[in-house]
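Just so it is clear, none of the values below were taken in a lab; they were calculated from the coordinates. Owing to the predicted nature of the structure, the values given are computational and were not obtained by experimental measurement. No Cβ is skipped: glycine too gets one built from the backbone with ideal geometry, and neighbour counts run over all protein chains shown.
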Amino acid sequence: MSQTPTHQNYINGAFIDAVEHLEVHNPANGALLSRVPESRAEDVERAIAAANDAKKAWAALPAVERASYLRKIATRIRDNVPALARMITEEQGKVSGLAEVEVNFTADYLDYMAEWARRIEGEVIESDRPGETILMLRKPLGVVAGILPWNFPFFLIARKMAPALVTGNTIVIKPSEETPNNCFAFARLVEEVGLPKGVFNVVSGAGASVGQALTGSSRVDMISFTGSVATGSRIMANAAGNLTKLNLELGGKAPAIVLGDADLDLAVKAIRASRIINTGQVCNCAERVYVERTVADEFVTRMGKAMAATTFGDPLAQPDVEMGPLINRAGLDKVGRMVKAAVGEGAELITGGAVADLGHGFHYQPTVLAGCRADMGIMRQEIFGPVLPIQVVDSLDEAIVLANDSDYGLTSSVYTRSLANAMRACREIDYGETYINRENFEAMQGYHAGVRKSGIGGADGKHGLYEYTHTQVVYLEA
Ligand code: TXE
């Protein structure tokens, strides 16, 4: 019988034993997968010190040299796709196909960010004084703390470390307690490509201890966090003492607006895909639908059938299923509570509506709720599960008002054949991202950012890259 692996923190280019450990389990069947460091304050301090010690030499390397390490890591990732994808499926529960997409996307993302090496640009500004040149330089911030969620754990390492490193920062990553194994696998690839020590560090452990220590440190220059609003808010409070720069991606409650002139086949297909991906546990998942009355009955019927046909189970035992389990008991209970409350408040259950008893794992049936209203919790709070609540509207105006009346403001979508309706929705919908006639899934060259409580700052593309820099203006009289 193979032994349960025990992981070590990766600090200053070395794998280091921890005193205490957390257990990691497979959410599909409860199997114990590994033990990972329950790091202490002194481990976090060591990692922050290593990142600080490494930052000067790293920033002094030409950006193309920094980028060459990202490309080497991408190559090593591509050499190991099946093993990495399996590891993600085991600890996170996502289906194998999506896990492979995540791994390949991560490699592509590293290459994409590496391409920016020769495009990091400052400015030359006209001066008021004769003989003076004003230069705006772009510089790294220093040490970044990357705090990760569990839903796309492998990709999110790259989303934070690639722009941080190519612009000359060093980083300390804290993976989620739920999904740390793939982060240690990433650290091994970093080690194999010979990245200078201290540039990339991993410390695992609880948010309340390791996360708090990282975000409260005066020697961290930027916090890049993806997770819940409640934790984002706690991090902001903890960072306030040092006024540490924040980049927060805090999830969403994405509205999908289906107008009477929409292609309903397309709308059903795309909204279903945007709801069931990763079992509904994605920040840009379609979380609520506003459908125009003229097509509401037909849409609800078709969506009910489409969701009911969704297959689910343990993705390692049944590789063809479309959905795996939810991440943990808390996630399952939250989804169950929200559906029960909605039905109690008058929502009509079209399909699903219960925990799926497979004898193992945290599975919830694909669910559609019709007759929802704006005052129901299910239309306002992030569900993060395979549940689609639908509300009928009488016009695009009403849909836009309801869509905007939300604490969240990350992604949104509109289904219509009218260019005028699409453009009006784009102008009036207050969201960081809007998809027209397509499923919700962002591109690495876009800019993933939300308004309201969905976060501060954003990721991806040129604008995401520059979040990891500050400017220095030089007034040069020479
Ligand atoms: O998130 P947390 P959880 C939403 C989604 C989900 C809910 C709860 O609705 O159901 O959040 O998920 C670390 N200081 N999203 O509890 O707590 C923690 O260790 C510093 C949306 O898993 O936000 C982990 O590494 N760090 C989201 C990370 O924060 C702290 C993705 C995320 O955990 C900390 C995930 C603290 N005080 C959940 N407390 C998205 N944006 O897509 C915890 N952490």
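Overview of values
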{"quantity": "For the chain, share of DSSP beta bridges that run antiparallel, in % to the nearest 5", "calculated": "45"}
{"quantity": "Length gained when the stretch Leu476-Leu135 is fully extended (0.36 nm per residue, less Cα-Cα span)", "calculated": "122.0 nm"}
{"quantity": "Under 13 Å, Cβ to Cβ, from Gly461 - net charge with Lys/Arg +1 and Asp/Glu -1", "calculated": "-2"}
{"quantity": "Value of relative contact order over the chain, rounded to a whole percent, pairs C-alpha under 8 Å and six or more apart", "calculated": "18"}
{"quantity": "The chain: angle of helix 229-239 to the longest principal axis, Cα-based, in degrees nearest 10", "calculated": "20"}
{"quantity": "Relative contact order (percent, whole number), the range 56-109, Cα cutoff 8 Å, 6+ residue spacing", "calculated": "36"}
{"quantity": "Rounded to 10°, Cα long-axis angle of helix 329-344 versus longest principal axis of the chain", "calculated": "30"}
{"quantity": "Amide H partners (placed H, <5 Å) of Val451, local residues excluded", "calculated": "Gly409, Leu410, Gly432"}
{"quantity": "For the range 1-69, the fraction of alpha-carbon pairs in successive 5 Å shells from zero, as %", "calculated": "3, 14, 17, 17, 13, 12, 11, 8, 4, 1"}
{"quantity": "Gain upon complete extension [Ala420, Lys56; 0.36 nm per residue less C-alpha separation]", "calculated": "125.8 nm"}
{"quantity": "Sequence-separation-based contact order of the range 308-403, relative, with Cα cut under 8 Å and 6+ spacing, percent", "calculated": "24"}
{"quantity": "Cα extents of the range 230-353 along the three principal axes, largest first (Å)", "calculated": "55, 40, 30"}
{"quantity": "Asp297-Asp405 FRET efficiency (beta carbon distance; Förster radius 30 Å; 0.05 resolution)", "calculated": "0.75"}
{"quantity": "Cut-off 20 Å, label 7 Å out along Cα→Cβ of Arg119, residues of the range 436-478 by amide N", "calculated": "442-449, 458-471"}
{"quantity": "Mean projected area (nm²) of the alpha-carbon convex hull when the range 59-131 is viewed from all directions", "calculated": "7.6"}
{"quantity": "Charge context of Asn26, other residues only, Cβ under 9 angstrom, K/R +1, D/E -1", "calculated": "-3"}
{"quantity": "Reachable aspartates and glutamates, given that their alpha-carbon falls under 12 Å from the alpha-carbon of Lys462 and they are not under 8 places away in the same chain", "calculated": "Glu115, Glu121"}
{"quantity": "Hull volume in cubic angstrom per residue (convex hull over the Cα atoms of the chain)", "calculated": "154"}
{"quantity": "Ordering of 410-423, 92-105 by packing [mean C-beta count within 10 Å, highest first]", "calculated": "92-105, 410-423"}
{"quantity": "Value in Å of the Kirkwood radius, where the range 325-407 supplies the Cα pairs that are averaged", "calculated": "13.4"}
{"quantity": "Förster radius 51 Å - calculated FRET efficiency between Glu126 and Ser209, Cβ distance, rounded to 0.05", "calculated": "0.50"}
